[in-house]
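The values are calculated or read from the model by the stated rules, or taken from the named source; none is laboratory data. As the structure is a prediction and not an experimental result, all values here were calculated from the model. Note that we place each Cβ from the backbone using ideal geometry, even for glycine, and neighbour counts take in every protein chain shown. Quick note on the areas: whole protein, heavy atoms, side chains included, nothing else; ligands and nucleic acids left out. Shrake-Rupley method; radii C 1.70, N 1.55, O 1.52, S 1.80 Å.
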Amino acid sequence: MSEHTNEQRVAIVTGGARGIGAAITTNLARSGVHVAAGYSSHREAADELAAKLIAEGASVSVHQGNVGSPEDCLRVAGEVLELKGRIDHLVNNAGITVDKTMRRMSVDDWHAVLRINLSGAFYMTKAVLETMIERGFGRIVNISSLIGQTGGIGQANYAASKSGLFGLSQSLAQEVARKGITVNCVAPGFVDTEMVAALPEEVLAKLLKGVPVGRLGQASEIARAVAFLVDDDAGYITGSVISVNGGLDM
(Lines give C-alpha, C1' and ligand atoms only; values in the text may rest on other atoms or scores of the structure.)
Protein backbone atom coordinates (compact mmCIF):
# COMPACT_ATOMS: atom_id res chain seq x y z
CA MET A 1 0.00 0.00 0.00
CA SER A 2 1.24 3.49 -0.82
CA GLU A 3 2.38 5.82 1.93
CA HIS A 4 0.07 8.49 0.48
CA THR A 5 -3.20 6.71 1.22
CA ASN A 6 -4.62 9.61 3.21
CA GLU A 7 -4.31 11.97 0.26
CA GLN A 8 -6.89 12.31 -2.48
CA ARG A 9 -6.18 10.06 -5.41
CA VAL A 10 -6.28 11.49 -8.94
CA ALA A 11 -7.54 9.49 -11.92
CA ILE A 12 -7.61 10.13 -15.65
CA VAL A 13 -10.47 8.39 -17.43
CA THR A 14 -10.28 8.62 -21.21
CA GLY A 15 -13.64 8.71 -22.94
CA GLY A 16 -14.93 9.51 -19.49
CA ALA A 17 -18.06 11.48 -20.37
CA ARG A 18 -20.37 8.93 -21.96
CA GLY A 19 -21.42 5.29 -21.65
CA ILE A 20 -19.10 3.05 -19.67
CA GLY A 21 -16.64 5.92 -19.27
CA ALA A 22 -19.26 8.10 -17.60
CA ALA A 23 -20.10 5.28 -15.19
CA ILE A 24 -16.42 4.89 -14.31
CA THR A 25 -16.05 8.64 -13.80
CA THR A 26 -19.15 8.69 -11.60
CA ASN A 27 -18.11 5.73 -9.46
CA LEU A 28 -14.59 6.99 -8.83
CA ALA A 29 -15.66 10.58 -8.21
CA ARG A 30 -18.31 9.52 -5.70
CA SER A 31 -15.69 7.44 -3.88
CA GLY A 32 -13.58 10.54 -3.26
CA VAL A 33 -11.15 10.34 -6.17
CA HIS A 34 -10.56 13.46 -8.27
CA VAL A 35 -11.45 12.39 -11.81
CA ALA A 36 -10.04 14.10 -14.87
CA ALA A 37 -12.59 13.03 -17.47
CA GLY A 38 -11.24 13.06 -20.99
CA TYR A 39 -13.38 13.63 -24.05
CA SER A 40 -12.73 14.13 -27.73
CA SER A 41 -15.80 15.81 -29.21
CA HIS A 42 -18.73 15.56 -26.77
CA ARG A 43 -18.02 18.68 -24.72
CA GLU A 44 -21.64 19.15 -23.68
CA ALA A 45 -21.87 15.63 -22.22
CA ALA A 46 -18.58 16.14 -20.36
CA ASP A 47 -19.68 19.46 -18.89
CA GLU A 48 -23.08 18.10 -17.86
CA LEU A 49 -21.57 15.09 -16.10
CA ALA A 50 -18.96 17.21 -14.33
CA ALA A 51 -21.56 19.76 -13.20
CA LYS A 52 -23.79 17.00 -11.83
CA LEU A 53 -20.99 15.37 -9.85
CA ILE A 54 -19.57 18.65 -8.59
CA ALA A 55 -23.06 19.58 -7.35
CA GLU A 56 -22.95 16.36 -5.32
CA GLY A 57 -19.66 17.43 -3.75
CA ALA A 58 -17.36 15.36 -5.94
CA SER A 59 -14.14 16.57 -7.54
CA VAL A 60 -14.08 16.44 -11.36
CA SER A 61 -12.34 18.25 -14.19
CA VAL A 62 -12.81 17.83 -17.94
CA HIS A 63 -10.06 17.73 -20.53
CA GLN A 64 -10.41 17.74 -24.31
CA GLY A 65 -8.05 15.60 -26.32
CA ASN A 66 -7.73 12.88 -28.94
CA VAL A 67 -6.01 9.80 -27.51
CA GLY A 68 -4.88 8.96 -31.02
CA SER A 69 -2.55 11.96 -30.78
CA PRO A 70 0.52 11.48 -28.56
CA GLU A 71 0.80 15.26 -28.30
CA ASP A 72 -2.74 15.54 -26.95
CA CYS A 73 -2.06 12.79 -24.42
CA LEU A 74 1.03 14.59 -23.13
CA ARG A 75 -0.89 17.86 -22.95
CA VAL A 76 -3.79 16.35 -20.98
CA ALA A 77 -1.41 14.65 -18.55
CA GLY A 78 0.33 18.00 -18.11
CA GLU A 79 -2.96 19.75 -17.43
CA VAL A 80 -3.85 17.23 -14.72
CA LEU A 81 -0.41 17.46 -13.11
CA GLU A 82 -0.62 21.25 -13.11
CA LEU A 83 -4.09 21.11 -11.58
CA LYS A 84 -3.61 18.39 -8.96
CA GLY A 85 0.13 17.71 -8.79
CA ARG A 86 -0.22 13.95 -9.23
CA ILE A 87 -1.74 11.15 -11.31
CA ASP A 88 -2.48 7.92 -9.46
CA HIS A 89 -4.88 6.08 -11.75
CA LEU A 90 -5.26 5.82 -15.51
CA VAL A 91 -8.30 4.18 -17.09
CA ASN A 92 -7.85 3.75 -20.83
CA ASN A 93 -11.49 3.57 -21.84
CA ALA A 94 -11.71 5.62 -25.06
CA GLY A 95 -12.58 3.52 -28.08
CA ILE A 96 -14.31 3.51 -31.44
CA THR A 97 -15.75 0.98 -33.86
CA VAL A 98 -15.73 0.88 -37.65
CA ASP A 99 -17.42 -2.45 -38.29
CA LYS A 100 -17.02 -4.01 -41.73
CA THR A 101 -16.12 -7.43 -43.05
CA MET A 102 -12.47 -7.82 -43.96
CA ARG A 103 -13.33 -7.72 -47.68
CA ARG A 104 -14.97 -4.31 -47.29
CA MET A 105 -12.64 -2.87 -44.64
CA SER A 106 -10.27 -0.24 -45.98
CA VAL A 107 -6.75 0.36 -44.74
CA ASP A 108 -8.01 3.64 -43.25
CA ASP A 109 -10.78 1.76 -41.38
CA TRP A 110 -8.17 -0.56 -39.91
CA HIS A 111 -5.79 2.16 -38.80
CA ALA A 112 -8.54 4.42 -37.43
CA VAL A 113 -9.62 1.81 -34.87
CA LEU A 114 -6.11 0.65 -33.97
CA ARG A 115 -4.97 4.25 -33.52
CA ILE A 116 -7.63 5.06 -30.92
CA ASN A 117 -8.23 1.74 -29.19
CA LEU A 118 -4.68 0.39 -28.95
CA SER A 119 -2.17 3.11 -29.79
CA GLY A 120 -4.24 5.55 -27.74
CA ALA A 121 -3.77 3.39 -24.63
CA PHE A 122 -0.03 3.28 -25.35
CA TYR A 123 0.21 7.06 -25.84
CA MET A 124 -1.76 7.87 -22.71
CA THR A 125 0.14 5.37 -20.60
CA LYS A 126 3.46 6.79 -21.81
CA ALA A 127 2.22 10.25 -20.83
CA VAL A 128 1.59 9.29 -17.19
CA LEU A 129 4.04 6.47 -16.51
CA GLU A 130 7.05 8.50 -15.38
CA THR A 131 5.11 10.41 -12.74
CA MET A 132 3.70 7.13 -11.39
CA ILE A 133 7.20 5.64 -11.23
CA GLU A 134 8.52 8.73 -9.44
CA ARG A 135 5.77 8.44 -6.80
CA GLY A 136 6.12 4.67 -6.51
CA PHE A 137 2.42 4.09 -7.04
CA GLY A 138 0.01 3.68 -9.92
CA ARG A 139 -3.03 1.81 -11.12
CA ILE A 140 -3.57 1.39 -14.87
CA VAL A 141 -6.74 -0.27 -16.15
CA ASN A 142 -7.30 -0.89 -19.84
CA ILE A 143 -10.90 -1.41 -20.97
CA SER A 144 -10.82 -4.27 -23.46
CA SER A 145 -13.82 -6.28 -24.64
CA LEU A 146 -15.31 -9.74 -24.90
CA ILE A 147 -14.73 -9.35 -28.65
CA GLY A 148 -11.00 -9.23 -27.96
CA GLN A 149 -11.34 -12.75 -26.53
CA THR A 150 -13.77 -14.28 -29.02
CA GLY A 151 -13.53 -12.20 -32.18
CA GLY A 152 -16.60 -11.00 -34.04
CA ILE A 153 -17.84 -11.00 -37.63
CA GLY A 154 -17.13 -7.62 -39.20
CA GLN A 155 -14.91 -6.60 -36.29
CA ALA A 156 -11.39 -7.67 -37.23
CA ASN A 157 -10.01 -4.19 -36.49
CA TYR A 158 -11.90 -3.84 -33.20
CA ALA A 159 -11.06 -7.39 -32.05
CA ALA A 160 -7.39 -6.91 -32.89
CA SER A 161 -7.26 -3.64 -30.97
CA LYS A 162 -8.97 -5.05 -27.91
CA SER A 163 -6.95 -8.26 -27.95
CA GLY A 164 -3.82 -6.15 -28.27
CA LEU A 165 -4.62 -4.53 -24.94
CA PHE A 166 -4.12 -7.90 -23.24
CA GLY A 167 -0.55 -8.17 -24.46
CA LEU A 168 0.15 -4.51 -23.75
CA SER A 169 -1.15 -4.86 -20.19
CA GLN A 170 0.67 -8.08 -19.40
CA SER A 171 3.99 -6.82 -20.76
CA LEU A 172 3.84 -3.50 -18.94
CA ALA A 173 2.65 -5.23 -15.76
CA GLN A 174 5.90 -7.19 -15.68
CA GLU A 175 8.00 -4.10 -16.35
CA VAL A 176 6.56 -2.00 -13.51
CA ALA A 177 5.49 -4.59 -10.93
CA ARG A 178 8.34 -3.68 -8.57
CA LYS A 179 7.62 0.03 -8.89
CA GLY A 180 4.26 -0.04 -7.09
CA ILE A 181 2.27 0.04 -10.33
CA THR A 182 -0.32 -2.50 -11.42
CA VAL A 183 -1.68 -2.93 -14.93
CA ASN A 184 -4.88 -4.85 -15.61
CA CYS A 185 -7.68 -5.24 -18.14
CA VAL A 186 -11.43 -5.27 -17.77
CA ALA A 187 -13.22 -7.07 -20.60
CA PRO A 188 -16.94 -6.17 -20.74
CA GLY A 189 -19.47 -8.26 -22.60
CA PHE A 190 -22.66 -6.78 -24.03
CA VAL A 191 -23.50 -3.71 -21.95
CA ASP A 192 -26.63 -1.57 -22.01
CA THR A 193 -25.18 1.47 -23.78
CA GLU A 194 -26.35 3.66 -26.66
CA MET A 195 -24.48 1.48 -29.16
CA VAL A 196 -26.16 -1.74 -28.01
CA ALA A 197 -29.55 -0.03 -27.65
CA ALA A 198 -29.37 0.89 -31.34
CA LEU A 199 -29.29 -2.77 -32.40
CA PRO A 200 -32.42 -4.18 -34.06
CA GLU A 201 -34.73 -5.87 -31.57
CA GLU A 202 -34.30 -9.30 -33.14
CA VAL A 203 -30.50 -9.01 -33.03
CA LEU A 204 -30.58 -8.01 -29.39
CA ALA A 205 -32.91 -10.89 -28.53
CA LYS A 206 -30.53 -13.33 -30.21
CA LEU A 207 -27.60 -11.90 -28.25
CA LEU A 208 -29.42 -12.24 -24.94
CA LYS A 209 -30.19 -15.89 -25.61
CA GLY A 210 -26.47 -16.58 -25.50
CA VAL A 211 -25.85 -14.80 -22.21
CA PRO A 212 -26.17 -17.25 -19.28
CA VAL A 213 -27.44 -14.60 -16.86
CA GLY A 214 -30.07 -13.60 -19.44
CA ARG A 215 -29.57 -9.85 -19.56
CA LEU A 216 -27.30 -7.06 -20.70
CA GLY A 217 -24.65 -5.79 -18.35
CA GLN A 218 -24.91 -2.36 -16.79
CA ALA A 219 -22.21 0.26 -17.18
CA SER A 220 -22.16 0.59 -13.39
CA GLU A 221 -21.10 -3.07 -13.15
CA ILE A 222 -18.07 -2.39 -15.33
CA ALA A 223 -17.30 0.66 -13.23
CA ARG A 224 -17.30 -1.39 -10.03
CA ALA A 225 -14.73 -3.77 -11.51
CA VAL A 226 -12.52 -0.79 -12.35
CA ALA A 227 -12.96 0.67 -8.87
CA PHE A 228 -11.86 -2.66 -7.38
CA LEU A 229 -8.69 -2.75 -9.49
CA VAL A 230 -7.61 0.83 -8.72
CA ASP A 231 -8.09 0.44 -4.97
CA ASP A 232 -4.97 0.79 -2.84
CA ASP A 233 -5.52 -2.74 -1.54
CA ALA A 234 -5.48 -4.31 -5.04
CA GLY A 235 -1.70 -4.21 -5.28
CA TYR A 236 -1.29 -7.97 -5.68
CA ILE A 237 -3.46 -8.09 -8.81
CA THR A 238 -1.55 -7.27 -11.96
CA GLY A 239 -1.42 -8.56 -15.53
CA SER A 240 -4.95 -9.88 -15.12
CA VAL A 241 -8.07 -9.77 -17.27
CA ILE A 242 -11.33 -9.36 -15.36
CA SER A 243 -14.21 -10.51 -17.56
CA VAL A 244 -17.59 -8.89 -16.88
CA ASN A 245 -19.78 -10.62 -19.45
CA GLY A 246 -22.59 -12.46 -17.69
CA GLY A 247 -20.91 -15.80 -18.36
CA LEU A 248 -20.96 -15.42 -22.14
CA ASP A 249 -17.33 -16.50 -22.38
CA MET A 250 -15.82 -18.65 -19.64
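Checking every residue in the range 35-45 against the condition of being of a type in the set (S, T, Y), open to solvent by 60 Å² or more (accessible area, probe 1.4 Å) and over 15 Å from A121 (Cα atoms) gives at least one match. Taking the range 124-210 and the helices (runs of 4 or more DSSP H) fully enclosed by it, the elements with 1 or more residues that are open to solvent by less than 50 Å² (accessible area, probe 1.4 Å) and touching a residue at least 60 places away in the same chain (Cβ under 8 Å) are at 156-176.
Please determine whether any residue of the range 32-39 is touching a Lys or Arg at 6+ places or on another chain (Cβ under 9 Å) and modelled with pLDDT under 95. Looking for residues that are touching a Lys or Arg at 6+ places or on another chain (Cβ under 9 Å) and modelled with pLDDT under 95, one finds none in the range 32-39, hence no.
Of the candidates L114, L81, L90, the single residue that is among the aliphatic types (A, V, I, L, M) and crowded, with 24+ Cβ neighbours inside 10 Å is L90. Among the numbered conditions (1) buried (at least 24 other Cβ atoms within 10 Å of the Cβ); (2) farther than 23 Å from A121 by Cβ, the only one that I20 does not meet is (2). Condition check for V107 on (1) without any contact (Cβ under 8 Å) to a residue 40 or more places away in the chain; (2) open to solvent by 30 Å² or more (accessible area, probe 1.4 Å); (3) within 23 Å of A225 (Cα to Cα); (4) not acidic (D, E): one failure, at (3).
Selection over the range 219-250 of residues that are touching a strand residue (DSSP E or B) at 6+ places or on another chain (Cβ under 7 Å) and not hydroxyl-bearing (S, T, Y) gives a count of 17. Residues that are of a type in the set (D, E) and not in a loop (DSSP other than H, G, I, E, B) were ranked within the range 211-243; the one that is most open to solvent (accessible area, probe 1.4 Å) is D233. Looking across M132, M124, one residue alone is at negative phi and more than 16 Å from the chain's Cα centre (by Cα). It is M132. In summary, V98 fulfils each of the numbered conditions (1) buried (at least 16 other Cβ atoms within 10 Å of the Cβ); (2) under 26 Å from F228 (Cβ atoms) with the single exception of condition (2).
Give me a count of the residues in the range 8-30 that are part of a helix (DSSP H, G or I), over 19 Å from S69 (Cβ atoms) and not aliphatic (A, V, I, L, M).
Within the range 8-30, residues that are part of a helix (DSSP H, G or I), over 19 Å from S69 (Cβ atoms) and not aliphatic (A, V, I, L, M) number 5.
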